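The values are calculated or read from the model by the stated rules, or taken from the named source; none is laboratory data. What you see is a predicted model, and the numbers here were worked out from it, not measured in a lab. All Cβ positions, glycine included, derive from the backbone under ideal geometry; neighbour counts span all protein chains shown. Note: areas computed on protein heavy atoms with side chains; ligands, DNA, RNA excluded. Shrake-Rupley method; radii C 1.70, N 1.55, O 1.52, S 1.80 Å.
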Amino acid sequence: MKRSPLARLWPNATAVVLFIGFAFPVYWMFTTAFKPTSDVISEDPVWFPTSATLDHFQKALDAKNFWTLVGNSLTVTLSAVALSLVIALLAAFSLARMRFKGRRGFLVTFMIAQMAPWEVLVIAIYMLVRDGDMLNSLLPLTLFYMVMVLPFTILTLRAYVAAIPKELEESAMVDGCTRPQAFVRVIFPLLAPGLMATSLFGFITAWNEFPLVLILNKDPEAQTLPLWLSSFQTAFGDDWGATMAAASLFAIPILVLFLFLQRKAVGGLTSGAVKG
């Protein structure tokens, strides 16, 4: 049965409206970053800039401790993602392939942890870090970011491991591989899309996190880039040109990573959602 043109119109129209709604803030951010200050503070919005300047980007790059904060963000984010992937991969394989007492309760616990907002633990986290004399350190941020992304990573990778036929692993073991060798040589290469999907999610989560570093790290040299975005002030208020330039620089690593991993990440999320 063919659908009428009108029936096909409203889903497409809805998709176009949603695309515009999501794309416009990104467009406005990048265009404002290149606008002259006169256009930025103009009472009449300049929708299509006719001139461009790099002054706002220069001001953002010249901000105090910029490169230190870049290093801090990369260190914390990459370390948290790497740790979460190692732990989640082992846990996901155990949950998908092995049967042990308390397995279902273990899964339920991770689902609850994924649903619960971590903000309710802020006071407890602060007291724990303070009592451990680890304020203004990158180590607590790395560990807590890892914990934040771990439930999602485990659940996604578990579903992906469960979708891989056991016969592949068993065949490798019949041919003389041990279980660890079968995992490394057979299972692990097939998990690449799932690993890409979960690493992308973990990177975005850790890279964008703001409240925890604001509470734990008061030392400017121990902070990360999200706090840097709020530092552009003038005697007359916010410097929106420099702020948008900083936001554009902040978004570039995520955009590059997403474009690089897009196909495998989407495939990993959809494949991991089929079977659990």
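Put simply, of Ile125, Ile87, Ile112 the only residue that is open to solvent by 50 Å² or more (accessible area, probe 1.4 Å), closer than 30 Å to Lys218 by Cβ and either touching a His at 6+ places or on another chain (Cβ under 6 Å) or not in a loop (DSSP other than H, G, I, E, B) (or both) is Ile87. Determine whether the stretch 182-203 contains at least one residue that is assigned by the TED database to the domain that holds Leu259, of a type outside the set (D, E, K, R) and farther than 30 Å from Leu259 by Cα. Yes, the stretch 182-203 contains a residue that is assigned by the TED database to the domain that holds Leu259, of a type outside the set (D, E, K, R) and farther than 30 Å from Leu259 by Cα.
Pairs meeting the criteria (first residue in the stretch 19-45 and acidic (Asp, Glu), second residue modelled with pLDDT under 90 and not in a helix (DSSP H, G or I), beta carbons under 6 Å, at least 6 apart or on different chains) are Asp39/Val46.
The single residue among Leu61, Leu69 that is more than 19 Å from Phe210 (Cβ to Cβ), surrounded by 13 or more Cβ atoms within 10 Å (Cβ to Cβ) and in contact with a Leu (Cβ under 8 Å, 6 or more places away or on another chain) turns out to be Leu61. Taking first residues from the stretch 146-168 that are without any contact (Cβ under 8 Å) to a residue 24 or more places away in the chain and partners that are surrounded by fewer than 22 Cβ atoms within 10 Å (Cβ to Cβ) and of a type in the set (Val, Ile, Thr), the Cβ contacts under 7 Å between residues at least 6 apart in sequence or on separate chains come to Leu168/Val186. Annotation: Ala63 fulfils all but one of (1) closer than 21 Å to Ala251 by Cα; (2) at pLDDT 85 or above; the unmet one is (2). Quick check: is even one residue across the stretch 183-204 within 26 Å of Leu90 (Cα to Cα), at pLDDT below 85, of a type outside the set (Lys, Arg) and not in a helix (DSSP H, G or I)? Yes: the stretch 183-204 contains one or more residues that are within 26 Å of Leu90 (Cα to Cα), at pLDDT below 85, of a type outside the set (Lys, Arg) and not in a helix (DSSP H, G or I). Out of curiosity, is Ala245 open to solvent by less than 10 Å² (accessible area, probe 1.4 Å) and at pLDDT below 80? When the stated conditions are applied, Ala245 does not pass them. Of the residues making up the stretch 93-107, those that are over 24 Å from Leu190 (Cα atoms) and either modelled with pLDDT of 80 or more or exposed (fewer than 10 other Cβ atoms within 10 Å of the Cβ) (or both) are Phe100, Lys101, Gly102, Arg104, Gly105. For the stretch 177-218, residues that are crowded, with 17+ Cβ neighbours inside 10 Å and of a type in the set (Lys, Arg) total 0.
The number of residues in the stretch 19-58 that are of a type outside the set (Asp, Glu) and surrounded by 13 or more Cβ atoms within 10 Å (Cβ to Cβ) comes to 18.
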